[in-house]
Amino acid sequence: METPRSPLIGVYVHIPYCRTICPYCDFVKRPIKGTVPPAFLNALCSEIDAFDGASEVDGVFFGGGTPSLIAVDDFARVMDALRARFSLTPDAEVTLEANPDDVTPELMNAWTASGVNRISMGVQSFNDEALRYLGRRHDADGARRACGLVAERLPNWNMDLIFGVPPLEEWRATLETCRSFQPAHVSAYGLTYEAGTPFGKRANEAIDDETYLNQFHEVDAVLDEYERYEVSNLARPGFQCALNLRYWHNEEYAGFGPAAYSYLSGVRSRNCVKTDEYIAAPGSKQESIRLSEREVRVETLIQHFRLKRGLEKAYYEARFGASLDSDFGPVLQGLVARGLLLEAEGFIRPTPKGFELNNEIGLALVG
């Protein structure tokens, strides 16, 4: 049985700076010409040092923004701050998101020397026309060069890809190139046209549902050596993303940096969003909400049902002291009847249709 309630926590560090702003991105970020400013690094290390809570960590994830913009010495300083405040387990996974145009042999050596043992590469496509559409700085040759460098040095690395991008007929070629580099993990997301982004004004360009599902399934057809263990994530055995599994198990994590979320002791909080405000008051919160026991249970189901493995009934009972059937029996049976969930061998898990329409599961549980 899956063990509930690990005493460990995960850590997310948000670096909000980018050389250019991708028109589809709705994460908190700001443009920068040079390296990450000292004032931000001082604030970040101050927030880490002031953290009051669990001290043992099994996963660290540097996201953004573009964490690979941090100067080598500054990155080592942040890692030192984390080690001074937390005890990293011997097998802790330390992930750094990187853009292909930032990756060099020298930086790879410096990152790994500082403790990075996993790179998440923002490739998105191996087609130049698609990359121009997405507003990316690198081209297909640059992506191939960077992937080759990472593949030579790290067995554990992720490739980020985006589908639903013109020219649509090139998606399979991108997947085949991805397969040739043999990453341990692949994240494949459908392009979204989010309000508040430049692409938000171009929502009429979004692909239709049938095309979306065709490209979604093409991922599995080409990357057939991988397991789609989560709606948008595939991995080779033993290479599922440690911090993301914490999110999907609804377990605890601490977030540092502007707009970073934390989930600790039943409280979900978010740091202030504006970078200047964060620098002036590191760790100040924009919101902090204590979830009710019912909300924690609902979110645990929603997150587990993003996973192919689903939710083990015995795990739920051990974690919450109540049976899954008594808490959610009617709504779960309704989802089974709709073909979105399947009950078997002590588990309730999403069906292939439930993966395709995963939001429908969440809406039913919240409702």
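Determine, yes or no, whether Leu107 is closer than 16 Å to Glu152 by Cβ and either at pLDDT below 95 or of a type in the set (A, V, I, L, M) (or both).
Yes: the conditions hold for Leu107.
Within the group Glu218, Glu225, which residue is modelled with pLDDT of 95 or more, surrounded by fewer than 22 Cβ atoms within 10 Å (Cβ to Cβ) and assigned to a helix (DSSP H, G or I)? Write out each step before concluding.
Values: Glu225 fails: assigned to a helix (DSSP H, G or I).
Result: Glu218 is the single residue among Glu218, Glu225 that is modelled with pLDDT of 95 or more, surrounded by fewer than 22 Cβ atoms within 10 Å (Cβ to Cβ) and assigned to a helix (DSSP H, G or I).
Is the range 283-301 home to any residue that is part of a strand (DSSP E or B) and within 17 Å of Gly362 (Cβ to Cβ)?
No; the residues of the range 283-301 include none that is part of a strand (DSSP E or B) and within 17 Å of Gly362 (Cβ to Cβ).
Filter the range 196-210 for residues that are of a type in the set (Gly, Ala, Ser) and in contact (Cβ under 8 Å) with a residue 40 or more places away in the chain; which is surrounded by the most Cβ atoms within 10 Å (Cβ to Cβ)?
Looking at residues that are of a type in the set (Gly, Ala, Ser) and in contact (Cβ under 8 Å) with a residue 40 or more places away in the chain, I get Ala206.
Scan the range 332-343 residue by residue and report those that are in a helix (DSSP H, G or I) and either surrounded by 16 or more Cβ atoms within 10 Å (Cβ to Cβ) or touching a Lys or Arg at 6+ places or on another chain (Cβ under 8 Å) (or both).
To start, the set of residues in the range 332-343 that are in a helix (DSSP H, G or I) comprises 332-337.
The answer is Leu332, Leu335.
State all residues of the range 228-275 that are in a strand (DSSP E or B), hydrophobic (A, V, I, L, M, F, W, C) and not assigned by TED's automatic domain parsing to the domain that holds Glu93; if no residue qualifies, say none.
Hits for the range 228-275 are Ala254, Phe256, Leu264, Val267.
Consider only pairs whose beta carbons are under 7 Å apart and that are at least six residues apart or on different chains; among these, list those whose first residue lies in the range 341-367 and is not assigned by TED's automatic domain parsing to the domain that holds Tyr189 and whose second residue is acidic (Asp, Glu) and outside any helix (DSSP H, G or I).
Short answer, once both residue conditions are applied: Gly346/Glu312; Phe347/Glu312.
Quick one: Tyr261 ticks every box in (1) touching a residue at least 40 places away in the same chain (Cβ under 8 Å); (2) surrounded by fewer than 19 Cβ atoms within 10 Å (Cβ to Cβ); (3) touching a Phe, Trp or Tyr at 6+ places or on another chain (Cβ under 7 Å); (4) closer than 30 Å to Ala39 by Cβ bar one, so which box is it?
It is condition (3) that Tyr261 fails.
Return a yes/no flag: does the range 199-211 have any residue that is modelled with pLDDT of 95 or more and of a type in the set (Phe, Trp, Tyr).
no
Return the residues of the range 125-172 that are of a type in the set (Val, Ile, Thr) and closer than 20 Å to Ser232 by Cβ; say none if nothing qualifies.
Those that are of a type in the set (Val, Ile, Thr) and closer than 20 Å to Ser232 by Cβ: Ile162, Val165.
Here is a yes/no grid of residues against (1) among the acidic types (Asp, Glu); (2) crowded, with 20+ Cβ neighbours inside 10 Å; (3) at pLDDT 95 or above:
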{"position": "Ala39", "(1), (2), (3)": "no, no, yes"}
{"position": "Gly53", "(1), (2), (3)": "no, no, no"}
{"position": "Val60", "(1), (2), (3)": "no, yes, yes"}
{"position": "Phe75", "(1), (2), (3)": "no, yes, yes"}
{"position": "Ala98", "(1), (2), (3)": "no, yes, yes"}
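Confirm whether Val94 is surrounded by 14 or more Cβ atoms within 10 Å (Cβ to Cβ), of a type outside the set (D, E, K, R), modelled with pLDDT of 95 or more and out of contact with any Lys or Arg (no Cβ under 9 Å at 6 or more places or on another chain). Spell out how you get there, then give the answer.
Working: surrounded by 14 or more Cβ atoms within 10 Å (Cβ to Cβ): yes; of a type outside the set (D, E, K, R): yes; modelled with pLDDT of 95 or more: yes; out of contact with any Lys or Arg (no Cβ under 9 Å at 6 or more places or on another chain): no.
Spelling it out, it is not the case that Val94 is surrounded by 14 or more Cβ atoms within 10 Å (Cβ to Cβ), of a type outside the set (D, E, K, R), modelled with pLDDT of 95 or more and out of contact with any Lys or Arg (no Cβ under 9 Å at 6 or more places or on another chain).
Could you list all residues from the range 62-106 that are touching a Cys at 6+ places or on another chain (Cβ under 8 Å), of a type in the set (Val, Ile, Thr) and within 26 Å of Ser125 (Cα to Cα)?
Thr66, Thr95
Going through the range 282-301 one residue at a time, which ones are surrounded by 14 or more Cβ atoms within 10 Å (Cβ to Cβ) and within 25 Å of Val57 (Cβ to Cβ)?
Pro282, Gly283, Gln286, Leu291, Val296, Glu299, Thr300
Search the range 31-55 for residues being polar (S, T, N, Q) and assigned to a loop (DSSP other than H, G, I, E, B), and hand back the single one that is farthest from Phe75 (Cα to Cα).
That would be Ser55.
The values are calculated or read from the model by the stated rules, or taken from the named source; none is laboratory data. Predicted model, so just to flag it, every value in this text is computed and none were measured. No Cβ is skipped: glycine too gets one built from the backbone with ideal geometry, and neighbour counts run over all protein chains shown.
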